[in-house]
Amino acid sequence: MIYKITRLFFAFCLMANMANAQINEVLLTFVPEGGGSTVTARAQNTGSGLQVVNSINLIESTEYTLRISLGDANAQFVAIQDQIRFFFETSDDLFKGTFKTNDIDSKGLPVGFSTNWNTACLDENGTGTFRIVLRNLGTAKAEGNSLTDGTGIFDLTWNITVANDPTAPSCENEEEIITDVILTFTPVGGGEPVIARAQDPDGEGVLDLEVLD
C-alpha cells in the first residue's frame, strides 16, 4: 500500500511540476539536408503567454530537418516524452508527402522534437500556415491520439512562405495514364447503342493498347 501511494504521489508531483513549467521560448530550426541556409522561427513568452515572433521562410523542393527546442524548460519536457506528443497541421500545397518523426519514446510512439519535411515543387511563391500543438497525453498516449486528446501545453501557428527557386528544375506534372478507351455509338432515331472498347492491360508497361470489340 505504501508503495502504491508513493507511486501516485510521485506521478502527481511530476504532473504538477510539468504544469508549472513555464516555457519561455519555442524555437524552430529548419536545417536543409542538402546544404544551405538554416531557417529559424520562434515564439516567446512576454508575460502574457507564448506569442509568435516571426514567420517561416523555406525554399521549394527541399528536405528539411525540423528541430524544436522549448527554451529553459526543454530538458523537463524531454524527461516526460512518454507522455507528450507534438501534432502538426500545415497548408497541404506547400509540402510533398507526409512528414517523418525522427524521435520515439520508450514505447515506440512518436514524440516530435525532430521531424523531416519535404517542401513541394512550386511555379511561384506559396504562402500558408504551419501549426504546432503540444499535448500532454499522460498514460493514455497511444498511436491513434489526435490533437484534441489529453491536455494542451501550447498551440501556436506561424505564417509560412515557400519560395520558388528560379534555378531549380521545372515542376513535373504527373499525367494521367489512359488504360481504357470506350466508343459508344447511339442511333439518332432510337435503338440499342453499340459499344466498342480498347484496353491497355499493363498501363505504362510494355503491352500496347488492345482492341477488344
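The values are calculated or read from the model by the stated rules, or taken from the named source; none is laboratory data. Bear in mind the structure is a predicted one, so any value in this text is a computation, not a measurement. Cβ sites come from the backbone with ideal geometry, for glycine too, and all protein chains shown count toward neighbours. When the accessible area is computed, the model is the full protein with side chains, heavy atoms only, and any ligands, DNA or RNA have been set aside. Shrake-Rupley method; radii C 1.70, N 1.55, O 1.52, S 1.80 Å.
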Legend entry - Ranked packing of 130-136, 107-113, 85-91, most packed first, by mean Cβ within 10 Å: 130-136, 85-91, 107-113
Legend entry - Relative packing of 118-129, 143-154, which averages over residues the other C-beta atoms within 10 Å, highest first: 118-129, 143-154
Inset, instruction - Hey, for a label at N159 modelled as a point 7 Å past Cα toward Cβ, could you say which residues of the range 21-46 have their backbone N under 19 Å away? - result: 28, 39-44
Legend entry - the range 97-202: relative contact order as a whole-number percent, Cα under 8 Å and 6+ apart: 20
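Kirkwood hydrodynamic radius, the range 35-139, all distinct C-alpha pairs: what's the number in Å?
15.3
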Inset, instruction - Report, to the nearest whole %, how much of the accessible area of the range 53-110 belongs to carbon and sulfur atoms, 1.4 Å probe, protein only. - result: 46
Legend entry - Accessible area per residue, Å², the range 80-175 with all protein chains present, probe 1.4 Å: 55
Legend entry - From the C-alpha gyration tensor of the range 74-213, square roots of 5λ in Å: 49, 22, 16
